[in-house]
Structures are given as structure tokens and as C-alpha cells.
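Report on the structure given below.
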Amino acid sequence: MEDIPAFGLPELYKETGFKQDDGNPGFSIIKSGEVGDALNSGNPFRNVNYGLGLFSSGEAELSIDFKLHAVRPKMAFVTSPGQVFRSVSEITDAYGILFTRDFLAGQKSEQWLKSLAMFHRFYDRPLIQLSDEEHAELLDDFQKIWLEYHSDKAMKYDALESLLILILIKLARLYEADQEIDRGSNKHHILKLESLINQQFKENRKVSNYADQMCMTPQHLNRITQKATGKSVSDLIHEKLIIELKRYLVYTDMSSEEIAHHFNFHDNSYFTKAFKKAVGETPKAFRDRQRML
């Protein structure tokens, strides 16, 4: 992934010309008109931080890990670290927030953010369509953050943290209601499973191994996974693998043989067959086609 340009807060400060606050560099908010060429050039970049967006009017398209998303008026948008973005058209009339997990120190940030379904790959829908009332309320929240961020008031970052937590809670509630996500124990198991797959998918692709780590049978794990996501555990492992293979094929110069070895395939022939079965074309054909877009 070394060849994929990373975009986080340092790059944002460089693009916008904003001065980084060395006292608390873990947060920034921008308006669409301040976004530089890096985000609107159409070139891919790897998201480093957590992000939120609020779109008020206009239309645009974003590609996230090879999936195209249509952005329409009165939509909220959530992004997670590690995703590869490419803007297909310019975004207008929007607010965007980037923050590090450490910015929310008072909330035991890592555990708390991991509990929010909207930041997880299994719930692969980053857009939330808002009602007029929901959009107006969130717009007011974003505007308050904007004014606070550009102020010199005492305890500025304490206020920003509180306002950000409030927005995250509102978006999490809207997202779970929109996706009809079970707020009970199944959600906890699904998020834990995703974390395990993200950490182990290169070496561990057996359902039984994940079930053992979660202290349940493979059959039970498959049942709750199917109910929550509509997919089996094997499907989720396979999806993660294919996403990573696509990233390496398009955004690095590694050879097919090197990628096969990196992801623990027996040989390049087996890798080619597995990839073609999943995607419908060979790794070379996929790489060539994507690089022509």
C-alpha cells in the first residue's frame, strides 16, 4: 500500500493553508470551497483519519474501494481509516470533519469508536439520507463547530470534543435506524468479528478459528452473521481479502506473483483462478482496466 498517497490532517492543513495547532492537532473542519486539488483531482488517496461530511445541496460521486456512491442533497457521510477514495466529481456546499481517535480522549476513544456501526466495513453504506428536520439540526451543529474551531475562546478544544461527540451520537442513532441494525448482543459480536477478520484475514481464513476466538460454534456464528449482514462468515472473510487484493493490484506496482505471496496464496496460478472466480476477470485484466479509468 506504500504507493497509495495518504490523506490525513497534515495533508489537509497543507491543502487548505490552515495553521496546525500544535497544542491539539487531532481535529479539523472545512467547507467544500476550501478543499484543494488533492481531493478533487480524481486521483486516489488512502484515508488516514475518521471523517464526517454533511452535504446540503448539489450532486457528486465518490468512489470508495471501487464502489461508486452518489451524493445527493441533505446527506450525511461517514468515513473510516484505511479506505481508498477517489472523487469522480467535485463536491460543493458541504462541511467536512477529520479527527483522530485520540481526539476523543474522554470517551476511551478506541473502544467507543469501534462500537459505532457506521464506521464498520460490514455495514457498507457510508451515506445517510436525512429528513429536512434532521438536516437542519445537523447543519446547526456543524456550524457551531465551525465557529468554535475558528475562535480563540478558552477551552476551545474541550467544546469541540463535546460538540463532536454529540454529532457522532446523532449520526450513530440515525445510521442504526436507517440500516435497521440490532442494538443487542448480535451487533457486539458482528463488530468483534470484523475486528478479528481485519487483523487476521491474511493468515486465517477458516470460520472455525474465528468461532473459537468468539467462544461459539461455527454454526451459531454463521447464524448471527447471516441475520445481521445477510452474509456468511466465509463471505465476509472473502470480501475483505478481495478488497485488499484490488487495492494492491491498482495502487501498487507489485507483480501478480508478489501479491500472491504477500497474501499467502500457494502460487500465482491459484491466486489468478481465485481472483477471476470472485471478480470475473484476471488480476492483470482488472489492473489494466482500473488504471485506464
Matching residues in the stretch 50-68 - criterion: being more than 14 Å from the chain's Cα centre (by Cα), open to solvent by 10 Å² or more (accessible area, probe 1.4 Å) and of a type in the set (A, V, I, L, M, F, W, C): Phe55
Filtered residues of the stretch 263-293 (kept if part of a helix (DSSP H, G or I) and either of a type in the set (D, E, K, R) or open to solvent by 60 Å² or more (accessible area, probe 1.4 Å) (or both)): Ser269, Tyr270, Lys273, Lys276, Lys277, Lys284, Arg287, Asp288, Arg289, Arg291, Met292
Residue in the stretch 266-276 that is of a type in the set (Gly, Ala, Ser), under 27 Å from Pro44 (Cα atoms) and within 19 Å of the chain's Cα centre (by Cα) present: no
Residue match in the stretch 229-243 (condition: loosely packed, with under 13 Cβ neighbours inside 10 Å and either at pLDDT below 95 or in a loop (DSSP other than H, G, I, E, B) (or both)): yes
Every pair of residues 6+ apart whose Cβ atoms lie under 6 Å, when the first sits in the stretch 251-279 and is farther than 25 Å from Gln83 by Cβ while the second is open to solvent by 40 Å² or more (accessible area, probe 1.4 Å) and of a type in the set (D, E, K, R): Asn268/Glu257
Pairs with Cβ under 7 Å, 6+ apart, first in the stretch 186-207 and over 11 Å from Ala117 (Cα atoms), second basic (Lys, Arg): Asn186/Lys227; Ser195/Lys114; Ile197/Lys240; Asn198/Lys240; Phe201/Lys240
Residue under evaluation Trp146, criteria (1) touching a residue at least 60 places away in the same chain (Cβ under 8 Å); (2) over 30 Å from His266 (Cα atoms); (3) open to solvent by 30 Å² or more (accessible area, probe 1.4 Å); (4) within 17 Å of the chain's Cα centre (by Cα), criterion not met: (4)
Selection within the stretch 25-49 - under 15 Å from Ile145 (Cβ atoms) and either among the charged types (D, E, K, R) or at pLDDT below 70 (or both): Lys31, Glu34
Single residue of the stretch 250-265 satisfying the filter (among the aromatic types (Phe, Trp, Tyr) and over 13 Å from Phe286 (Cα atoms)) that is nearest to the chain's Cα centre (by Cα): Phe263
Candidate set from the stretch 79-103 (those that are modelled with pLDDT of 85 or more and either crowded, with 20+ Cβ neighbours inside 10 Å or in contact with a Lys or Arg (Cβ under 7 Å, 6 or more places away or on another chain) (or both)); member that is farthest from Ala60 (Cα to Cα): Phe103
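The values are calculated or read from the model by the stated rules, or taken from the named source; none is laboratory data. These numbers were taken from a predicted model, which means no experiment stands behind them. Here the Cβ is made from the backbone with ideal geometry for all residues, glycine too, and neighbour counts use every protein chain on show. SASA here: full protein model, heavy atoms, side chains in, ligands and nucleic acids out. Shrake-Rupley method; radii C 1.70, N 1.55, O 1.52, S 1.80 Å.
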